[in-house]
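Let me begin by presenting the structure, written as structure tokens, before commenting on it.
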Amino acid sequence: FKNATRDPNLIIEEWEKHPNAHIGVLTGGSGLIVLDLDYKEDEDGNVLTDGFESLAEAWLEVPDTFAYDSRNGLGRHIVYRAPEGNYPRSMGYRGMKGVDRCSGQGYVAWMGGVPADGEIADDPEWLLDQREARSTAQYEGTLKTWYEELTPGEPNALVRKAMERATKKFE
């Protein structure tokens, strides 16, 4: 529905074409931070991811606020008002498996209806950890020089593929 936002009639037309579509809410642009708790099992019923357990093990208080079950019905989206500032999306927030912070330029599939006035609480302070943004503007040299100065080690597969592509460019 990207192009439909300026014309309400286009929204109605698109909704009629796709009645089972979900609404995506841009969290940061809406002034929200969403604590996304995932729960997943394999086909044998073994727990693969339990964000609820990860959060409980971290002893973090989750203040009451507007919340709803996620799309699969097993997870939970807990919605808070975000203060001013840039709080980027964070998967595996604070190293907790199954716990994501949806914020900044992140979207959530909104399944929760319309919250009542005052139903969305301020975010807990622990949910506002910020990561330092990386920027190429902080490095004075060229990309080739930066690449040549990298410390040898065992990068993951994603980094190895990027390095292979970069090496081909420099040859």
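Here ARG131 fulfils each of the conditions (1) modelled with pLDDT of 75 or more; (2) charged (D, E, K, R); (3) within 18 Å of the chain's Cα centre (by Cα) apart from (1).
For region 15-28, a residue qualifies if it is of a type outside the set (Val, Ile, Thr) and in contact (Cβ under 8 Å) with a residue 24 or more places away in the chain, and the qualifying residues are HIS22, GLY24, LEU26, GLY28. Scanning region 37-49 for residues that are of a type outside the set (A, V, I, L, M) and surrounded by 19 or more Cβ atoms within 10 Å (Cβ to Cβ) turns up just one, ASP38.
Of all residues assigned to region 45-55, at least one qualifies as being within 26 Å of GLY118 (Cα to Cα) and either at pLDDT below 90 or not basic (Lys, Arg) (or both). Put simply, of LEU10, LEU60, LEU74 the only residue that is touching a helix residue (DSSP H, G or I) at 6+ places or on another chain (Cβ under 8 Å) and more than 17 Å from GLU125 (Cα to Cα) is LEU10.
Looking only at residues of region 73-87 that are loosely packed, with under 14 Cβ neighbours inside 10 Å and either acidic (Asp, Glu) or within 15 Å of LEU32 (Cβ to Cβ) (or both), we find that the one that is modelled with the highest pLDDT is PRO83. When VAL62 is tested against (1) closer than 26 Å to GLY118 by Cβ; (2) touching a residue at least 60 places away in the same chain (Cβ under 8 Å); (3) in contact with a Ser or Thr (Cβ under 9 Å, 6 or more places away or on another chain), exactly one condition is not met: (3). Within region 77-106, residues that are under 13 Å from TRP126 (Cα atoms) and touching a residue at least 60 places away in the same chain (Cβ under 8 Å) reach partners that are acidic (Asp, Glu) and loosely packed, with under 14 Cβ neighbours inside 10 Å with beta carbons closer than 9 Å, at six or more positions or on different chains, in the pairs ARG101/ASP129. Between PHE66, PHE52, the distinction of being closer than 25 Å to HIS22 by Cα and open to solvent by 40 Å² or more (accessible area, probe 1.4 Å) belongs to PHE52 only.
The values are calculated or read from the model by the stated rules, or taken from the named source; none is laboratory data. Being a predicted model, the structure only gives us computed values, none of them experimental. As a convention, Cβ positions derive from the backbone with ideal geometry for all residues, glycine included, and neighbour counts pool all protein chains shown. The protein model used for the area step is the full one, side chains on, heavy atoms only, and it has no ligands, DNA or RNA in it. Shrake-Rupley method; radii C 1.70, N 1.55, O 1.52, S 1.80 Å.
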